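One structure is given below, encoded as structure tokens.
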Amino acid sequence: METVFQAQISYNQFLSAAGTPLQALPEWAGKPDILVRYYRNMVQLRQLDNKIIALQRTGQMGTYASLLGAEAIEVVLGELMLSDDVLVPYYRNHGLQMLRGLPLADMLSYWGGDERGSASATMAQDFPNAVPIATQALHAAGVATAIKIRGEKRAVVTVCGDGATSKGDFLEALNVAGAWQLPVVFVVNNNQWAISVPRSLQSAAATLAQKAIGAGIRGEQVDGNDVIALHESVTEALKHAREGKGPTLIEAISYRLSDHTTADDATRYRSNEELKAAWEREPIKRLQTFLHTQGWWDEVQETAWQKEVAQIIQQGLDSFLQRPPQPVEDLIDYLYAELPDALKEQREQLIRNAQPGGNHHE
Amino acid sequence: MSDAITMVEAINLALHSEMQRDDSVIVLGEDVGVNGGVFRATVGLRETFGIKRVLDTPLAETMIAGLSVGMAAQGLKPVAEIQFMGFIFPTMEQIICHAARLRHRTRGRLHCPMVLRVPFGGGIHAPEHHSESTEALFAHIPGLRVVIPSSPKRAYGLLLAAIRNPDPVIFMEPKRIYRLNAQTVEDNGEALPLDSCYTLREGADITLVSWGAMIKETLEAADLLAQQGVSCEVIDVVTLNPIDHETILASVAKTGRCVIIHEAPKSCAVGAEISATLGERGLLSLQAPVARVTGYDTIMPYYRMENHYLPNTADIVEAVTATLEFS
Ligand SMILES: Cc1ncc(C[n+]2csc(CCOP(=O)(O)OP(=O)(O)O)c2C)c(N)n1
Ligand SMILES: [Mg+2]
């Protein structure tokens, strides 16, 4: 017998959980600019996340999928993607969407049950959030196909969870991306849980990154709580995509520090010890420690930034809460390019019912 | 079991009850085991029946449906949960090409006694893709049964019937009324008949036909109309494929008028089938056109606007009044 194929998966990490370098840092990390921006952005996302959950608890927001523990992935992708790259997100990418220009009020609209949250012109060619798991991976491959056909130097990024890697769509997307060498980066936010189902029950594979091997594409694991490691992996993957060298699968190891959504109660299925241990590895504290050690961030800056962030969030919130409801005919008017005659009567009925005295007037 | 329980508790009771009686019943799906289901419908099953009979699956609906077909062909009775109706679509190939026709294409050599349980419908302020009513897609598939309960008691008896039925059943659970009312449900192991309408209220002036969560508004409308001296017969269709047209025809033969109420969009929905059959076989008893009170032919709105989409009691009263005034 001879070995006809061998493969290995590498794991990329620069900062230890305690915030100390484990190996020589890349050159860009020798300066504060990008790292401080990462830190500030993560702090902002975390404060926002807490705020949205509080809003949900008081009935002003719908079911919400928290970003707690995913901040590093969000800010690094937000930093490195270019505006003419295309994002094909899942429902846990609103931090990234905002870094790509989505106004806070629009983001809140989406989670607040208003279609206009996916309508912002700032989203350009980005897709709206995919809620049906893993379906977006194929859209990303399709967008990448269009980019490749046109010979453009743009990259597509799509994100999904660990659970999503069990679905055919995900594997089909990896496969075609490999077969056609598409300019796409698949990022798996492996936060260890798919609602109540742990990573170990999704697959017998030792890593999710190795699913790339079956598709003949690049695949690697990276510490999803380490912005430096993420920055390196994503930079390389985007470069490959833009240079026509094909797709990459990045498995970012993170941890869902929150409940799955505000409709979930994770204490039913996971232990407090596990959660506590995960907090030891979380991305923000780790970077903060590193920045402190370098002398690039201090308590005074921290307090000032937290205050500023609170104001930014409050402004976005106010503008969301003051937003008048959309006109009721919007429920029909965006269905087709032109309203078919067959729908005109229903459209009138909808409007009539919403008016004072109508059956659905609110 | 004498305390009153909700519909979702009745579903849980039926699962416990039938798993106790029949070793071949296997529950599977996403989050059904340790978590007990996102709506708590399968809570306690794993503790009682163990991990060989309550399977937390990887996240993949095509797989859940396809596995169920294979297990069913082996003589097991898989009861799979699809977490929300909006995520059932990957199962379509397995249902249409295999589950619903395994008996037929093997001329009875193999068959497929599986149940797909799936919460559906709007009105709970859920996120995108979590509120649609797509029963018509399934009612259109030959060889498939589509069953929708509307009360705790019927949920219990109908789920037992669905599990015992030797053919595949889509058991759609109207989640808006999962916890609306409680009823005393005796755990007597008695199944209720499938393929049969349930007449919830007898009346003389008009027949109201509905199913699922809209039964709530339909009964409310019937109450309001009773105060105005209008006597409504209320029929819960329950099995949407195959439909018990005889009960509806007999009722309309008596009342001469009919309003059909459903949450799904109007066009090509199950209401159209019922209305067409009334036209074909009940024309001479009709004193007015059959009316439909339905959702609009549009995408189910996100939750902010869902009440504009969902039919309500006033819509039903209005349609009944117009139907009664028709001459
Ligand atoms: C096709 C499909 N099936 C089921 C669901 C319900 N659901 C929503 S999120 C989720 C778990 C997803 O886990 P994972 O892919 O790990 O992503 P995470 O939410 O952990 O980021 C499930 C089962 C869905 N949205 N889509
Ligand atoms: Mg996950």
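Annotations for the structure displayed:
- Relative intensity, log₁₀ I(q)/I(0), of the protein assembly as shown from a Debye sum that treats every alpha carbon as a point, q = 0.06, 0.07, 0.11 Å⁻¹: -0.39, -0.53, -1.19
- Of every Cα-Cα pair in segment A:62-165, the percent that sits beyond 21 Å: 31
- When segment B:198-325 is reduced to its Cα atoms, the Kirkwood hydrodynamic radius in Å: 14.5
- Pairwise Cα separations in segment A:224-287 fall into 5 Å bins from 0 onward with the following percentages, short to long: 3, 15, 19, 16, 15, 12, 10, 7, 3, 0.
- Solvent-accessible area of A:TYR11 with every protein chain in place, 1.4 Å probe, in Å² to the nearest 10: 110
- Tilt relative to chain B, helix B:7-21 - C-alpha long axis, 0 to 90 degrees, to 10: 40
- Note on chain A: Cα-only Rg and Dmax are 21.8, 82 Å.
- Note on segment A:11-321: with charges restricted to the Cβ of Lys and Arg (+1) and Asp and Glu (-1), its dipole about the Cα centre is near 420 debye.
- Across the protein chains, with a 1.4 Å probe defining accessible surface, the residues B:ARG154, A:ARG57, A:ARG92, B:ARG40 rank A:ARG57, B:ARG40, B:ARG154, A:ARG92 from largest area downward.
- Kirkwood's formula applied to the C-alpha pairs of chain B gives a hydrodynamic radius of 20.1 angstrom.
- Summed side-chain charge close to A:PRO103 - residues other than A:PRO103 whose Cβ falls under 15 Å, Lys, Arg +1, Asp, Glu -1: -1
- GNM result for chain B, Cα springs below 10 Å: residue of B:LEU59, B:LEU67, B:LEU180 fluctuating most strongly: B:LEU59
- Note on segment B:4-184: Rg/Rh from C-alpha atoms, Kirkwood Rh, equals 0.94.
- Environment charge at A:PRO128 (Cβ cut-off 15 Å; Lys +1, Arg +1, Asp -1, Glu -1): -2
- In plain terms, the bigger the Kirkwood radius, the slower the diffusion; for segment B:1-104, with that radius from Cα pairs, at 25 °C and 0.890 mPa s, Stokes-Einstein puts D at 173 µm²/s.
- All other residues whose Cβ lies under 10 angstrom from that of B:THR313 are scored, Lys and Arg at +1 and Asp and Glu at -1, for a net of -4.
- Crossing angle, helix B:270-281 versus chain B [Cα axis fit, 0-90 degrees, rounded to tens]: 50
- Highest GNM mean-square fluctuation among A:GLY101, A:GLY30, A:GLY161, for chain A modelled with Cα contacts below 10 Å: A:GLY30.
- Computed per residue of the protein assembly as shown from DSSP H runs no shorter than four, each worth -39500 (n - 2.57), the mean residue ellipticity at 222 nm is -12000 deg cm²/dmol.
- All alpha carbon pair distances within segment B:88-194 were sorted into 5 Å bins beginning at 0; the resulting P(r) in whole percents reads 2, 11, 20, 21, 19, 13, 9, 3, 1, 0.
- Think of each Lys and Arg Cβ as +1 and each Asp and Glu Cβ as -1; about the Cα centre, that makes the dipole of the protein assembly as shown roughly 1180 debye.
- Projecting the Cα atoms of A:THR145, A:TYR110, A:THR122 onto the charge dipole of segment A:102-183, computed from C-beta unit charges around the Cα centre, puts A:THR145 farthest toward the positive end.
- On full extension, the segment bounded by A:ALA18 and A:VAL300 gains 99.3 nm, given 0.36 nm per residue less the C-alpha separation.
The values are calculated or read from the model by the stated rules, or taken from the named source; none is laboratory data. Treat the numbers as computed from the prediction; the structure is a model and nothing was measured. Reconstructed Cβ throughout: ideal geometry from the backbone, glycine too, with neighbour counts over all protein chains shown. Note: areas computed on protein heavy atoms with side chains; ligands, DNA, RNA excluded. Shrake-Rupley method; radii C 1.70, N 1.55, O 1.52, S 1.80 Å.
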